[in-house]
Amino acid sequence: MVTTLIRNARPLRREPTDVLVTDGIIRQIAPDIAAPADAEIIEGNGALLFQGLIDGHTHMDKALIGLPWHSTKPTSTITEIIANERQLRREEHIDAHQQSTRHAHAAIASGTTHIRSFADIDTEWGLNGVRGLMQTRDDLKDKVQIQVVAFPQSGMLIRPGTVELLDQALSEGAEVIGGLDPSAIDRDPKGHLDTIFGLAEKHDVDVDIHLHEPGELGAFSFDLIIERTRALGWKGRVTISHAFALGGIDQARLDALIQELLDLEIAIMSHGPSGGRPAPPVEYLRQRGVRMISGNDGIQDSWGPLNRPEMLNRAYLVCYRNNFRRDDQIEDVIDIITNSSAEVMGIDDYGFAVGKAADLVLVEEENHCAAVIRRPTPTLVMKRGRVTARDGAVI
Ligand SMILES: [Zn+2]
């Protein structure tokens, strides 16, 4: 039995407290807990206590972390970006296991305890990406929990053979099926979504669809996803990522879609996109009760160098994109990158409560909002009661 006592830490919206952890589980949350004889003591000294941070949308298989600087090529369409990406993989022989391991270490050091990562699957790259990522998931399972999404980044129906590869990836242990712009990339929205939901049913997995399609085209894809979620009975098991369309339709159309999202518990992933593109109205969606998740998206990959692996930084960017300045707005984003993301990903043992896993992060800052704005490196990261990083270094 391994017992740890964290003394004097400050959880969000609660009084300073001690936390007693035994065998990875939070056993007691109270001030001045008497230390059991065998307990390891961690002095919080008034540090902030965060729950483990969750990166609910990233692409670990193709992060270029640790490789020489990659100059992003000029492109005008997503199809061009995707073609560049395949070319880069051919020429540079990207090792998905190595790159996802580097990404994971950077994430752990910055306080991340759970990740949902997509892995590209196409007829050139095959299962290299998803197998490399699943190996990292298994290697590092005691430090970070990684949920792997089988993802047809290059399109699915336009590349015969891709569906079979996705099917194989799910058989080998990918936990979620991903989809991509059913009209804009495959140009066959019904065919694309029927196939994705068919794979979801066959393998009993959740669905997470990248939807960059703007305005009414994107809203039409929403309609089709909603239809299939209802028909399959996949309530609470579908996420729509990016969902730019929600920022580009009129209020009545938006409200009608929101009602469907609520009925079917469909989640929306927003990472506070750059570039002034229309984006989901985070505050309005949260007020209406829509389930939300966030993440860093691709880190330093062929799409661009702007994203970083730290979730406090992502919380800052979501605040920035949505012009959140008040404490209650910033704290709501902290909830998105912790409790709300955990709920969307189905992490049952998550939460700052007795009986939950001790996935905890200590940060030295004035308060939780200041930590989002100033983004310091955590002084300590704990996964299931074990210290995994101190001062930015993975143990
Ligand atoms: Zn993505």
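The values are calculated or read from the model by the stated rules, or taken from the named source; none is laboratory data. The structure presented is a predicted model; accordingly, all values stated were derived computationally and were not measured. Methodologically, a virtual Cβ is constructed for each residue, glycine included, from the backbone with ideal geometry; neighbour enumeration extends over all protein chains shown. Surface accessibility is based on the protein's heavy atoms, side chains included, excluding ligands, DNA and RNA. Shrake-Rupley method; radii C 1.70, N 1.55, O 1.52, S 1.80 Å.
What is the distance in Å between the Cα centroid of segment 319-380 and that of segment 267-305?
Between the Cα centre of segment 319-380 and that of segment 267-305, the gap is 16 Å.
Hey, quick one: spin label on D142, modelled 7 Å out along Cα-Cβ, who in segment 92-116 has an amide N within reach, i.e. under 20 Å?
101-115, by backbone N distance to the label point.
With a cut-off of 8 Å between alpha carbons and a minimum separation of six or more residues, what is the relative contact order of the chain in percent?
20 percent
Which length gain, in nm to one decimal place, applies between A34 and F220 when the Cα-Cα distance is subtracted from 0.36 nm times their residue separation? Provide the component values of the computation, followed by the final result.
Numbers: separation 186, 0.36 × 186 = 66.96 nm, distance 5.89 nm.
Between A34 and F220, full extension yields an extra 61.1 nm.
Measure off 7 Å from each Cα along the Cα-to-Cβ vector at A83 and D349, then give the distance between these two points in nanometres to one decimal.
Computed distance between label sites A83 and D349 equals 4.8 nm.
Based on the mean of other Cβ atoms within 10 Å per residue, sort peptides 209-217, 156-164, 6-14 so the most packed one is first. Each step should come with its number before you reach the end.
Values: 209-217: 20.1, 156-164: 15.7, 6-14: 17.6.
Order by mean packing, descending: 209-217, 6-14, 156-164.
With the dipole of segment 1-121 worked out from charges on the C-beta (+1 for Lys and Arg, -1 for Asp and Glu) around the Cα centre, which of P68, L49, S110 lies farthest toward the positive end?
Positive-end residue among those listed: P68.
Just how large is the dipole of segment 245-395 about the Cα centre, in debye to the nearest 20, putting +1 at every Lys and Arg Cβ and -1 at every Asp and Glu Cβ? Spell out each step's value before the answer.
Values: 17 positive and 22 negative charges, 84 e Å.
For segment 245-395, the charge dipole is close to 400 debye.
Using a 1.4 angstrom probe, figure out how much accessible area the chain has per residue, in square angstrom, rounded to the nearest whole.
On the way: 15600 Å² over 395 residues.
Heavy-atom SASA per residue in the chain reads 40 Å².
Could you compute the net charge surrounding I65? Neighbours are other residues with a C-beta less than 11 Å from the C-beta of I65; K and R count +1, D and E count -1. If you can, show how the numbers build up before the last one.
Values: positive: K62, R102, R308; negative: D301.
Here the charged neighbours net out to +2.
Once you list every other residue whose beta carbon is under 13 Å from the beta carbon of D186, what net charge do they have if Lys and Arg are +1 and Asp and Glu are -1?
Numbers: positive: R159, R187, K190; negative: D122, D181, D188, D194, E213.
Its environment carries a net charge of -2.
Relative to a virtual label point 7 Å from the Cα of R386 in the Cα→beta-carbon direction, which members of segment 36-75 show backbone nitrogen distances below 19 Å?
Correct set: 39-42, 52-53.
Report in % the part of the accessible area of segment 53-345 that belongs to carbon and sulfur, leaving out ligands and nucleic acids; probe 1.4 Å. Present the calculation step by step, with values, prior to reporting the outcome.
Details: 5330 of 10830 Å².
Here carbon and sulfur together make up 49 percent of the probe-accessible area.
Can you give the charge dipole size of segment 217-304 about its Cα centre, rounded to the nearest 20 debye, using +1 on the beta carbon of Lys and Arg and -1 on the beta carbon of Asp and Glu?
Working: 9 positive and 10 negative charges, 34 e Å.
Taking the Cα centre of segment 217-304 as origin, the dipole is about 160 debye.
Please find, in a Gaussian network model of the chain (springs between Cα atoms separated by less than 10 Å), the residue of A30, A342, A47 whose mean-square fluctuation is greatest.
Fluctuation is largest for A30.
List the residues of segment 254-285 whose backbone N lies under 13 Å from a point placed 7 Å from the Cα of N313 along the Cα-to-Cβ direction.
Correct set: none at all.
Using 0.36 nm per residue, how much length does the chain from N339 to K190 gain when fully extended, once their Cα-Cα distance is taken away? Could the numbers behind the result be given before it?
Details: separation 149, 0.36 × 149 = 53.64 nm, distance 3.35 nm.
Fully extending the segment from N339 to K190 adds 50.3 nm.
Can you tell which of V354, T195, M156 lies farthest toward the positive end of the dipole of the chain, using +1 and -1 charges on the Cβ of basic and acidic side chains (Lys, Arg; Asp, Glu)?
V354
Can you spot the aspartates and glutamates whose alpha carbon is less than 18 Å from K73's alpha carbon? Ignore those fewer than 8 places along the same chain.
Within the straight-line cut-off, K73 pairs with E85, E91, E92, D301.
What does the highest-first list of 59-69, 186-196, 227-237 look like by mean Cβ count within 10 Å? It would help to have the intermediate numbers written out before the result.
Numbers: 59-69: 20.5, 186-196: 18.5, 227-237: 15.7.
Going by the mean number of other Cβ atoms within 10 Å, highest first, we get 59-69, 186-196, 227-237.
Can you pull the one-decimal nm distance between simple spin-label points at R90 and T72, each 7 Å off the Cα toward Cβ?
For R90 paired with T72, the spin-label model returns 2.3 nm.
Is there a quick way to get the dipole size of the chain? I mean about its Cα centre, with the Cβ of Lys and Arg at +1 and of Asp and Glu at -1; what is the value in debye to the nearest 20? Please report the intermediate quantities before stating the final value.
Details: 41 positive and 58 negative charges, 114 e Å.
With only Lys, Arg, Asp and Glu charged at Cβ, the dipole is about 540 debye.
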